[in-house]
Amino acid sequence: MGANMSGNQVKNITMYDVAKKAGVSKATISKVLNKKPGVSAGTRVRILKVCEDLDYRLNANIQDFIRNSVSGMTMNLAFVLVDMDFADPGYSRLIDGITKGTEENNYHLVFARLTGKERLIFDLPPILRDHRVDGILISGVLSAEHMELIRKLNIPFIILGNYSPEITRDSYAMEVDIAGSIHMLIGRLAEAGCRRVAFFDETMTSYLSKMALVSFKEALAANGMEYSDNRVFIGEGRLKGAFNQLKPIFEQKNLPFDAVCCLDYRTANGISHLIWGHKTHFGTSEVTLATSRSYAYYKLPIRAIYMDYDSREIAYQGVNLLLSNIRHGQMGRPGRTLISPIIETPGPTG
């Protein structure tokens, strides 16, 4: 029997109905829905379109390990990562926090990686498509279009990370307080005597990058520092680093800045070597670097101010909020929960 997107049975749409309308066999339908090879691209697209038109779902009662508790819960939560790798260090602590939350609540954790190119319900992994999870925690490279697809599943979800209102609308999101954090970072730089602070980001295409730059400008003004477009440097794209943009600057003896704000620790690490090389070659005063880090034992080889945030806590709180919504219904209005980091100013060499 078919089901609508909330999981309620509405009419007797069967695999036979789909096969008849698509002009193929039930075996071909099964291959497509279970992502098996042996079906041409054109036929696959046609079948998925028919499934979407008929609002057809595989019968959850005949799928393995589905709805196996008296409550009707699967006791599964999914961590969905879009267009990123689970091996990325930036997500390892999220996984730690999610794991802690699921284990404490006797839930199982499953992982689903999306490419970001999914456009139909049937493009999604069966574990999501067939409602084999009670809730979703999602992060990665998210888009408004992709989130609309997730909403169509009618499965409770929590967004982990800082994203635009277009993406998080009518949703629960766990975020780092970036604006407040940058104000604290710039305040610490001011206390350290820095007056000409530069800003670097690999890209200006993301909401987080744009928000960081706006907060950077506001923080400079609040601390009586002058903003200059000549001290804003943008890289060549995500994961491209800062070397190509900043190397020519550091080849000059007189630098146009005495501090650099770069929130991405991986990129900041590359900048720190340029700063160290400049100081060693010219014997000039050391530039201070302001950055974020997810591990307190991360240390740069130069003077640095760190914004320490615990991704585990963000994820852990996200799990507990998600489970509250699953068990008791929506708890309050959807919105953003801000997590404040800690600002640390180590000794002269970080």
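Within segment 242-252, is there a residue that is acidic (Asp, Glu) and without any contact (Cβ under 8 Å) to a residue 40 or more places away in the chain?
yes
For SER181, are the conditions met, namely being small (Gly, Ala, Ser), under 28 Å from GLY161 (Cα atoms) and surrounded by 21 or more Cβ atoms within 10 Å (Cβ to Cβ)? Yes: the conditions hold for SER181. Here the condition is being crowded, with 16+ Cβ neighbours inside 10 Å, of a type outside the set (A, V, I, L, M, F, W, C) and assigned by TED's automatic domain parsing to the domain that holds HIS183; of THR280, THR267, THR284, it holds for THR267 alone. Filtering GLU104, GLU148, GLU118 for residues that are surrounded by fewer than 14 Cβ atoms within 10 Å (Cβ to Cβ) and closer than 25 Å to LEU54 by Cα leaves a single hit, GLU148. Number of residues in segment 22-38 that are crowded, with 17+ Cβ neighbours inside 10 Å and either modelled with pLDDT of 90 or more or among the hydrophobic types (A, V, I, L, M, F, W, C) (or both) equals 6. Each residue in segment 55-95 was checked for being in contact with a helix residue (DSSP H, G or I) (Cβ under 6 Å, 6 or more places away or on another chain) and either of a type in the set (Asp, Glu) or at pLDDT 90 or above (or both), and 3 of them qualify. Which ones in segment 293-311 are hydroxyl-bearing (Ser, Thr, Tyr) and surrounded by 23 or more Cβ atoms within 10 Å (Cβ to Cβ)? TYR306, SER311 - these are the residues of segment 293-311 that are hydroxyl-bearing (Ser, Thr, Tyr) and surrounded by 23 or more Cβ atoms within 10 Å (Cβ to Cβ).
Output the residues belonging to segment 130-145 that are surrounded by 21 or more Cβ atoms within 10 Å (Cβ to Cβ) and among the hydroxyl-bearing types (Ser, Thr, Tyr). Answer for segment 130-145, where residues must be surrounded by 21 or more Cβ atoms within 10 Å (Cβ to Cβ) and among the hydroxyl-bearing types (Ser, Thr, Tyr): just SER139. The criterion of at least 1 residues that are in the same structural domain as CYS261 (by TED's automatic domain parsing) and at pLDDT 90 or above is met, among strands (runs of 3 or more DSSP E) falling completely within segment 299-344, by 304-308.
Within segment 72-123, the set of residues being part of a loop (DSSP other than H, G, I, E, B) and over 18 Å from the mean Cα position of the chain (by Cα) comprises GLY72, MET73, THR74, MET75, ASN105, ASN106, TYR107, ARG119, LEU120. Cβ separations smaller than 6 Å between residues 6+ apart or across chains give the following pairs from segment 207-236 residues that are over 17 Å from VAL141 (Cβ atoms) to residues that are of a type in the set (Ser, Thr, Tyr): LYS217/TYR227; LEU220/TYR227.
The values are calculated or read from the model by the stated rules, or taken from the named source; none is laboratory data. Source: prediction; values computed, not measured. So basically every Cβ, Gly included, is an ideal-geometry build from the backbone, and we count neighbours across all protein chains shown.
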